[in-house]
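Down below is the structure, laid out as structure tokens.
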Amino acid sequence: ILNVEQSPQSLHVQEGDSTNFTCSFPSSNFYALHWYRWETAKSPEALFVMTLNGDEKKKGRISATLNTKEGYSYLYIKGSQPEDSATYLCAFLNTGTASKLTFGTGTRLQVTL
Amino acid sequence: NAGVTQTPKFQVLKTGQSMTLQCAQDMNHNSMYWYRQDPGMGLRLIYYSASEGTTDKGEVPNGYNVSRLNKREFSLRLESAAPSQTSVYFCASSESWTGKQFFGPGTRLTVL
């Protein structure tokens, strides 16, 4: 079983704060790292798929970086807004397990006014 | 495009009953997946189908069977439901096994 860990488990910030959280994964046999955003009572939605060491992706105020050699990815949110409140999931894909994304348990972000 | 659809949205079963959860996608994706989501456990893969005609076990396949009926449809069957199968079930699809996954709205299942 592959271990994908996310920290912190939950985070409470105020509107306008910038924040970041971490996804750790095994550094061997890396293929891809996914980030998903999951709002309460909805389904997960893909944010980024990252495959190359040093990759940086950006979507609006949200960005992500990837370090495959040390096995971590950071997700950053700049100037948090209440609509950013959601659980952010990362998922790891390695070369030995085709089609099997392994998800972390997520970081639950709450942004208040 | 409807994306990924699932039926039913909610279901209550008694222990020992059987049922099939239906999933369909209209994005012409090759790969389809069934996950369950339990508090504190994240999403866990039950079964997946990398392409039409193939299915494989995921992390938690016991008590479930699947059928990839055609490229669009991937069903999950509980032959004899148990309270431990109370969960929210999500179907997903992706163009390829490496690509981002698109999720359905989920089925909330309670087994009494």
Would you calculate the convex hull of the Cα atoms in the protein assembly as shown and tell me its volume per residue in Å³? 118
Could you work out, residue by residue across B:98-108, how many beta carbons of other chains sit within 10 Å of that residue's beta carbon, and then give the average as an integer? 5
Which of the residue pairs A:K78/B:K100; A:K69/B:K100; A:K100/B:K14 have a Cα-Cα distance greater than 26 Å in the structure shown? A:K100/B:K14
Ratio of Rg to Rh over region B:69-112 (Cα coordinates, Kirkwood Rh, two decimals): 1.05
Plugging the Kirkwood radius over Cα pairs into Stokes-Einstein for region A:1-48, at a temperature of 20 °C and a viscosity of 1.002 mPa s, what D comes out in µm²/s? 162
How far apart, in nanometres, would the label points at B:N65 and B:D26 be if each is projected 7 angstrom from Cα along the Cα-to-Cβ direction? 3.0
Cα centroid distance between region A:1-24 and region B:75-112, in Å? 25
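Calculate, for A:T51 and B:T110, the FRET efficiency according to 1/(1 + (r/R0)^6) with r their C-beta to C-beta distance and R0 45 Å; round to the nearest 0.05.
That pair, A:T51 with B:T110, gives E of 0.70.
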Once phi for every residue in region B:36-44 is put through the Karplus expression 6.51 cos²θ - 1.76 cosθ + 1.60 (θ = phi - 60°), the whole-Hz ³J(HN,Hα) values, with Gly and Pro written as x, are 10, 10, 10, x, x, 10, x, 8, 10
Please give the Cα centre distance for region A:59-113 versus region B:1-64, rounded to the nearest Å. 23
FRET efficiency, A:Y76 to B:T5 (Cβ-Cβ, R0 45 Å, nearest 0.05): 0.85
If the cut-off is a Cα-Cα distance under 18 Å, which aspartates and glutamates reach A:K59, setting aside same-chain residues fewer than 8 apart in sequence? A:D17, A:E39, A:E45, A:E83, A:D84
Work from the charge dipole of chain A (Cβ charges, +1 for Lys and Arg, -1 for Asp and Glu, about the Cα centre) and give the residue of A:P44, A:L113, A:G16 farthest towards its positive end. A:P44
Would you mind giving the three semi-axes, in whole Å and largest first, of the ellipsoid equivalent to region B:37-95 according to its Cα gyration tensor? 21, 14, 9
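Read the figures in this text as sums done on the coordinates, not as results from a lab. Predicted model only: the values in this text are computed from it and were never measured. Glycine gets a Cβ as well: all are built from the backbone with ideal geometry, and neighbour counts include every protein chain shown.
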